[in-house]
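Here the structure comes first, spelled out in structure tokens, and everything after it is commentary.
The values are calculated or read from the model by the stated rules, or taken from the named source; none is laboratory data. Because the structure is a prediction, the values reported are computed rather than measured. Note: ideal-geometry Cβ built from the backbone for every residue, glycine included; neighbour counts use all protein chains shown. For the accessible areas, the whole protein counts, side chains as well, though only heavy atoms, and no ligand, DNA or RNA atoms are used. Shrake-Rupley method; radii C 1.70, N 1.55, O 1.52, S 1.80 Å.
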Amino acid sequence: MRKFFLMGLFLCGFFACIMDSPNPNNPETTTEKVVEPKAYQHYLLPDKPTENEDIPKFIEKADLGKVLFFTKINGSACSDCHSPAHGFTAGQQQSCGRGCEGTPPNRRLIEGFEKPDIPAVKSPSSIGIAGSNLLLWNGSAGPDDINNAFNSSDSTKNTWINRFKLHAAVLQAFFATSEGAHDMRTNVEMVRENHPEILDMFKKVYTGVAEGRLCEVEDFAECVAAFQMRLVPNDSRFQQWLRGEEDISTQAKRGLVAFEAKCASCHEPPFMGADRFADVGFPHLINELHDGSAGGNAGRYSFTKQPEDSLKFRIMRLATNVTAHIAWGHGGTFNTLEGCIKGHKNINAVSEQETDDIVEFLNMTGDSELLKMKPEN
């Protein structure tokens, strides 16, 4: 009897071990215990920029910039191509800025408008520009020495104050021409006539400045840059999980593990992008306006004219409410995020399950406050 009793104890213990051990064929049992926030603190986003002695009235300028972002100046607004509900992207495959009418996703070209802003590439998200030294798909908006080798660890370029100044200068160039994406050339008389409430805001922000000097393009650019610098998705479920405030699903944790292994070498934390360029094999935009051969489709080459840069596009940030975008890829040619991941030639052997898991993880990076953002008035 003692022999049978001992044998019974052994079998009970053996089966208990089997039941408690992770099953490598069941992802639900393999990651939940090991995926802890402390191992992924490099994904923790910085706080939104706030007041700084180097930039007087930064928050007030950002508040004014928010109003300007949503206000049609000379017929178009930044939000026409950077819709909050769509991750601050166009909200449609074909970006349609100056020379278009309507609201996303139903903006259309105004018939007969000369030189409209209808690029062959998707409008990049405005979220997370505080994490970039470059703008645009070809990186043509950046420091003067950007054709030199870029050192992403250069702290003199990576401070948010330097990035703010850079983005303000870039926006000033965008706003200062009738052929730019947003023509914001104006003066105090035009603002007084068409937007008197904005003139009042300028007076409060730029105290001591002569009224005739208010509302210049550089002021518009400075305020919009301040607003955009504060578009940081700190309140996503993923960021809350990293801070120990909320939990995320087991599937999202699996997706984080897969993303870290197969995506993060290019889409670098915390903003999950990079000021580098790659050819990932995505197709170009082809529609009634574009035949796929436009110069913008040359990627980085269209700016540097270096043959090795042909078809290389900037590695865009994914911490941009990316699952709310309408289209993905530089040409907006993928209508699902899953399709975009599968169409990426540089990802090694991502399974169907891993694709689904990565999408669920990216769902957790969305910030609902940014999705709902709109001007107070």
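If you find the alpha carbon centre of region 337-358 and of region 75-147, how far apart are they in angstrom?
So the separation of the two Cα centres works out to 26 Å.
Which pairs, out of 345/372; 203/374; 122/203; 57/374, put more than 29 Å between their alpha-carbon atoms?
On the way: 345/372 34 Å; 203/374 23 Å; 122/203 36 Å; 57/374 21 Å.
From the list (345/372; 203/374; 122/203; 57/374), the Cα-Cα distance tops 29 Å for 345/372; 122/203.
In whole percent, what relative contact order does region 183-296 give with Cα contacts below 8 Å and a gap of six or more residues? The partial results should precede the final answer.
Values: 50 pairs, mean separation 15.2, N = 114.
Computed over region 183-296, the figure is 13 percent.
Please list 214, 135 in order of solvent-accessible area, largest first, computed with a 1.4 Å probe with all protein chains present.
135, 214
Which ³J(HN,Hα) values, rounded to whole Hz and listed in residue order, are derived for region 56-62 from phi using the Karplus coefficients 6.51, -1.76 and 1.60 in 6.51 cos²θ - 1.76 cosθ + 1.60 with θ = phi - 60°, glycine and proline given as x?
x, 6, 4, 5, 5, 5, 5
For region 64-120, with all protein chains present and a 1.4 Å probe, just round the carbon and sulfur fraction of the accessible area to a whole percent.
About 51 percent, which is the carbon plus sulfur part of the accessible surface.
Under 5 Å between amide hydrogens, which residues at least 5 positions from residue 313 or on another chain qualify, with H placed 1.01 Å from N in the peptide plane?
Correct list: 278, 279, 280, 300.
Assuming 0.36 nm per residue, please report the length gained on full extension of the stretch residue 140 to residue 59 beyond their Cα-Cα distance.
Here the segment from residue 140 to residue 59 would lengthen by 26.3 nm.
Using 0.36 nm times the number of residues separating residue 310 and residue 113, minus their current alpha carbon distance, what extension gain do you get?
Working it through step by step, the gained length comes to 67.8 nm.
In the full protein assembly as shown, how much of residue 175 is accessible to a 1.4 Å probe, in Å² to the nearest 10?
Solvent-accessible area, nearest 10 Å²: 0 Å².
Using R₀ = 56 Å, calculate the FRET efficiency as 1/(1 + (r/R₀)^6) where r is the Cβ-Cβ separation of residue 335 and residue 210; round to 0.05.
Computed FRET efficiency for residue 335 and residue 210 comes out at 0.60.
Which of rounded, prolate, oblate describes region 229-377, given a ≥ b ≥ c as roots of the alpha-carbon gyration tensor eigenvalues and a/c under 1.5 marking rounded, otherwise prolate only if a/b is larger than b/c?
Note, shape of region 229-377 comes out prolate.
Suppose accessible area is computed on protein heavy atoms with a 1.4 Å probe; arrange 190, 316 from highest to lowest.
Largest to smallest exposure gives the sequence 190, 316.
Skipping prolines and chain starts, which residues have an amide H placed within reach, meaning under 5 Å, of the one on residue 334, given they are 5 or more residues away or on another chain?
Correct list: 328.
Give the lysines reachable from residue 38 as a straight Cα distance under 19 Å; neighbours fewer than 8 places away on the same chain don't count.
Within reach: 253.
Shape verdict for region 177-313, please, from the Cα gyration tensor: rounded (a/c under 1.5), prolate (a/b greater than b/c) or oblate.
oblate
With a 1.4 Å probe and all protein chains kept in place, how much accessible area does residue 243 have, in Å² rounded to the nearest 10?
About 100 Å², ignoring ligands and nucleic acids.
For a quick check of understanding: with a 1.4 angstrom probe and all protein chains in place, what accessible area in square angstrom does residue 266 have, to the nearest ten?
50 Å²
Apply the Karplus parameterisation 6.51 cos²θ - 1.76 cosθ + 1.60, with θ equal to phi minus 60°, to every residue of region 102-107 and state each ³J(HN,Hα) to the nearest whole Hz, in sequence, with x for glycine and proline.
x, 10, x, x, 10, 6
Name the residues whose placed amide hydrogens come within less than 5 Å of the amide hydrogen of residue 273, ignoring near sequence neighbours (fewer than 5 apart) on the same chain.
Amide H to amide H, under 5 Å and 5 or more residues apart or across chains, residue 273 pairs with 268, 318.
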